Every structure is written in C-alpha cells, then in structure tokens.
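Quick notes on the structure that follows.
Readers should treat all values here as calculations from the given coordinates under stated rules, not as data from a laboratory. Since we're looking at a predicted model, the values are computed, not measured. All Cβ positions, glycine included, derive from the backbone under ideal geometry; neighbour counts span all protein chains shown.
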C-alpha cells in the first residue's frame, strides 16, 4: 500500500498553495500533473477524485478514519493538512478562528476576484474590448490588496507572528498579479508596502521555492 499523499495539481496559485503546504509540513507525497489546458481534469479517473473537475485535489491514504480520503477544494485541503499534522494553524481558539477567517477571505474573495481580473486583463483582450470588466475587477483587486495592507500593519504574518495556512493560501495569488498577469502598473502594486514585505518573506521560504514549481507548466 502506498502511504504517500497523492497530489493532483498544476502550478497555478490554487495548485501552488497545496504543494507549498505539503513541503512546509514535510509530508511525503506523489505529484501528478493535471494539464487543465488539455482537458485532463475531465477524465473519468480524475472525476473520482474531484467531481468538480478542478485542481488541485489530493487523496490522503489514511484520511481521518484510516481509509483513503479524496479531498477537493484547495481551502479544504489546507484545513485538512493543518488539522492532520497540528501545524500551520494555532491551537489557540481565537487565533485558529482568525486563521480560518483569512483562509475563507482568500477562497471567497481573493481567488475569484484576482482570477477574474487576470482573465479579462491578460486573456480576453481580443474577445472583450469593453473596458468595464478590467476596470471593475482591477478596482476590486486593489480593494482586497488594501484589506491585506491594513491587516499586515505591525504584523509579520496574517495571524500574529505565526506563519499559517492563511498566508499560504494568499501569497501565491499576490505573486501571480505581477509575475503572471504582468499587472503591476495598472494595480499600483508598489504602493502596498506591507503586502510587498510580507509576500517576499513568504515566497522566499525554502518550502515555497520548492513547492511553487511542483506540477509545473511545460
């Protein structure tokens, strides 16, 4: 029996979150690239792992009850890994709640809004010439960055001084804005000083450097 976690992913921000967490936690895993540009997320085999045909997903061979457990949704995966190991999430009830709140902030806000901004700004320029979508999502992206900027004032990480799944869930999306979407100028990223310092601290961790390249684009 293979006792390693099975990771199915691609090195998008959502995919990077899970591989970075696995590296940070020192968990053994096998990585399987799911090329979403070639429709591999729709195969029958993958649907048994993630019926929503998205990446990432994992199969934990011991689950929570000793039996294999497939888990979809990157936020749910991060919560599972933190609870499984007792790491990357404070045991203090208040700090644990704050960690989960910021994780949900990413899942419900940053991921969808940053992703929509990137779609219209980088990928839909020829099919959608109306300026409204880019203006709308750029404004919301800047607003969310400002929420992060204020939260990080006087803090090393999002939840006090402890690096957590909240940080891991968000910083790859922040990096994507400038590096992949090439949107530093339109989003005025330089003015978010606290976010910039925090992002650098998170992205330069050894586990982040290694985990961000797992299941890379060819």
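For the range 1-83, the relative contact order works out to 33 percent when only alpha carbon pairs closer than 8 Å and six or more residues apart are counted. Note on residue 196 and residue 155: the model spin-label points, each 7 Å out from Cα along the C-beta direction, lie 2.1 nm apart. What the pair-distance distribution of the range 5-88 shows, using all Cα-Cα distances binned every 10 Å from zero, is 19, 57, 22, 2 percent.
Ordering 36, 20, 77 from the fewest to the most neighbouring beta carbons within 10 Å gives 36, 77, 20.
Using the alpha-carbon positions of the range 93-205, Rg (one decimal) and Dmax (whole number) come out as 14.4, 49 Å. Starting from one equal scatterer on each C-alpha and no solvent at all, send me the Debye-based log10 I(q)/I(0) for the range 18-146 at q = 0.13 Å⁻¹, two decimals. At q = 0.13 Å⁻¹ the computed log10 ratios are -0.72. Using every pair of separate Cα atoms, the Kirkwood estimate puts the hydrodynamic radius of the range 149-218 at 12.9 angstrom. Pairwise Cα separations in the range 53-121 fall into 10 Å bins from 0 onward with the following percentages, short to long: 18, 40, 32, 9, 1. Using C-alpha pairs under 8 Å with a sequence gap of at least 6, the mean separation divided by the residue count of the chain gives a relative contact order of 27 percent. Calculated on C-alpha atoms, the gyration radius of the chain divided by its Kirkwood radius gives an Rg/Rh of 0.97.
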